[in-house]
Amino acid sequence: MNPLAAGLNQQITQASPVAYELLSELGKQMYFPKGILYQSAQAKEKAHRFNATIGTATENGGPMHLKTAQKYYNLDPKDIYPYAPPAGRPKLRAAWAAKIKTQNPSLGDQEISLPVVTSAITHGLTLAGQLFLDPGDVVIAPNKLWGNYRLTFETMLQAKISTFEMFTEAGAWNQAAFEALVESQAAKTGKIVVLLNFPNNPTGYTPTKAEADQIVELLIKQAAQGTKVLVITDDSYFGLFFADSIKESLFARLAGAHENLLAVKLDGATKEYYAWGLRTGFITFGHPAGAPLFTPLEEKIKGLIRGGISNCTHASQTVVEAVLLDAELAADWERTFHLMAGRALKVAEVLDRPDFAEVMHYYPFNSGYFMCLKLDGVDAEKLRLHLLDQYGVGTIAINSTDLRVAFSCIDVGDIEELFGLIRKGILDLSS
């Protein structure tokens with residue numbers, strides 16, 4: 001093992017033996033090398049005469065760049081073309097940490113790690129998986145889940161996703177099914193990895209306060225019984241809470257909950273700030289041990305980034321940083337929030353009409369970008385193709401019974417027509 005990795009492992013073990021035991025074999029081997037980037041960072045501080053370290057080009061005291069590229073930017077070349085720091089721009093990381101604290105009041109004074117910049121949330125999921133999952137490890141998740149989880153955790157990392165029925169027959173969060181799977185897995189291995197995505201993709205559901213209380217209490221109870229608990233919260237659609245739900249991340253209540261519980265928060269500007277193409281996300285840790293644990297974990301994440309994509313796009317980080325610090329952000333975001341909320345409420349209003357309700361059933365939704373129809377007697381894939389071919393309507397078949405509809409990209413004035421066509425498609429196939 002590389003001495004740098006061994007040193008990080010020692011720091012993690014001293015801060016939290018459970019956190020060390022949660023690491024995958026790759027996670028234990030990982031470190032941030034004292035190579036070009038490390039030596040260049042030292043040179044940046046001390047090389048006052050000449051700095052001949054990093055493989056970039058300079059001109060007239062700044063980064064060399066093409067005028068044909070620069071004409072498309074209204075940014076300083078130094079904030080576009082050089083490599084960004086491996087963990088991300090420092091002011092951006094600090095601004096995102098402040099945002100997390102402000103928008104998750106349950107954190108209180110609980111220390112969290114300084115967020116590390118990822119190439120959006122999919123990259124963050126991969127990093128978390130590489131750091132903590134070995135082949136064969138089980139990840140507990142609701143059965144209503146984003147299909148890419150399987151590509152990342154099962155196909156790429158050779159772990160296994162074990163699911164529970166997300167909703168009861170009455171349409172509530174299925175705490176009994178969640179608890180049964182958690183307790184079963186804990187009894188088998190003494191360790192659980194839980195992946196929670198709220199607002200949920202594909203259903204657009206976020207738990208109520210009472211449901212969130214049950215989720216948090218169960219996980220803390222397991223930790224108190226000696227189970228090693230890793231909770232990954234995928235908060236891609238954070239903030240888009242339209243109706244009866246919690247208004248913060250479960251990470252806030254888990255970050256300092258117990259020494260046997262390590263919380264990992266994945267979020268980003270991609271969905272929250274409608275900046276999908278900027279690919280700027282974050283990974284943040286929460287644990288009672290604080291900085292003595294966060295620092296070596298950050299070094300391991302930096303090593304994974306360095307070994308995978310080197311670093312994340314500088315220009316995108318510059319833009320997101322500027323947005324976070326812009327005085328107009330709050331009012332601008334509020335405007336878009338009301339647009340999205342209006343679309344969600346219109347969907348519910350249409351689907352609750354008797355002529356729709358007798359044909360179309362849906363899973364609960366109160367947040368996010370999506371809702372999901374629960375089909376009975378009609379195959380979702382057949383319906384998807386029929387809607388495309390006959391009505392020019394695009395939807396997503398999640399499985400044989402679930403059809404995802406993204407209201408995020410439908411103007412409120414078009415929602416009734418959209419679901420009217422879906423209703424027609426269901427009746428076509430039912431007859």
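Take Phe167 and tell me if it is of a type in the set (Phe, Trp, Tyr), touching a residue at least 60 places away in the same chain (Cβ under 8 Å) and over 24 Å from Leu261 (Cβ atoms). Break it down into steps so the answer makes sense when it comes.
On the way: of a type in the set (Phe, Trp, Tyr): yes; touching a residue at least 60 places away in the same chain (Cβ under 8 Å): yes; over 24 Å from Leu261 (Cβ atoms): yes.
Considered against the rule, which asks whether it is of a type in the set (Phe, Trp, Tyr), touching a residue at least 60 places away in the same chain (Cβ under 8 Å) and over 24 Å from Leu261 (Cβ atoms), Phe167 comes out as yes.
Quick grid of which residues meet (1) in contact with a helix residue (DSSP H, G or I) (Cβ under 9 Å, 6 or more places away or on another chain); (2) surrounded by 12 or more Cβ atoms within 10 Å (Cβ to Cβ); (3) more than 30 Å from Thr233 (Cα to Cα):
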{"site": "Glu59", "(1), (2), (3)": "no, no, yes"}
{"site": "Leu66", "(1), (2), (3)": "no, no, yes"}
{"site": "Asn74", "(1), (2), (3)": "no, no, yes"}
{"site": "Tyr83", "(1), (2), (3)": "yes, yes, no"}
{"site": "Leu92", "(1), (2), (3)": "yes, yes, no"}
{"site": "Ala97", "(1), (2), (3)": "no, yes, no"}
Run down Thr295, Thr318, Thr336 and say which single residue is buried (at least 19 other Cβ atoms within 10 Å of the Cβ), hydroxyl-bearing (Ser, Thr, Tyr) and in a helix (DSSP H, G or I).
-> Thr318
The condition from (1) in a helix (DSSP H, G or I); (2) surrounded by 22 or more Cβ atoms within 10 Å (Cβ to Cβ) that Gly88 misses is numbered (1)
Can you tell which of Gln222, Gln158 is in contact with a strand residue (DSSP E or B) (Cβ under 6 Å, 6 or more places away or on another chain), assigned by TED's automatic domain parsing to the domain that holds Leu26 and over 30 Å from Leu373 (Cβ atoms)?
-> Gln222
Taking only pairs six or more apart or across chains, which ones have beta-carbon atoms under 8 Å, a first residue in region 67-83 that is of a type in the set (Asp, Glu), and a second residue that is surrounded by 11 or more Cβ atoms within 10 Å (Cβ to Cβ) and not in a loop (DSSP other than H, G, I, E, B)?
-> Asp79/His314; Asp79/Ala315; Asp79/Thr318
Return the residue satisfying two criteria in turn: it lies in region 399-430 and is in contact with a helix residue (DSSP H, G or I) (Cβ under 6 Å, 6 or more places away or on another chain) and of a type in the set (Gly, Ala, Ser), and of such residues it is nearest to Gly239 (Cα to Cα).
-> Ser400
If we ask which residues in region 380-431 are surrounded by fewer than 17 Cβ atoms within 10 Å (Cβ to Cβ), assigned to a loop (DSSP other than H, G, I, E, B) and either at pLDDT below 95 or within 30 Å of the chain's Cα centre (by Cα) (or both), their number turns out to be 7
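The values are calculated or read from the model by the stated rules, or taken from the named source; none is laboratory data. What you are looking at is a predicted structure, and each value in this text was computed from that prediction instead of being measured. Every residue, glycine among them, receives a Cβ derived from its backbone with ideal geometry; neighbour counts consider all protein chains shown.
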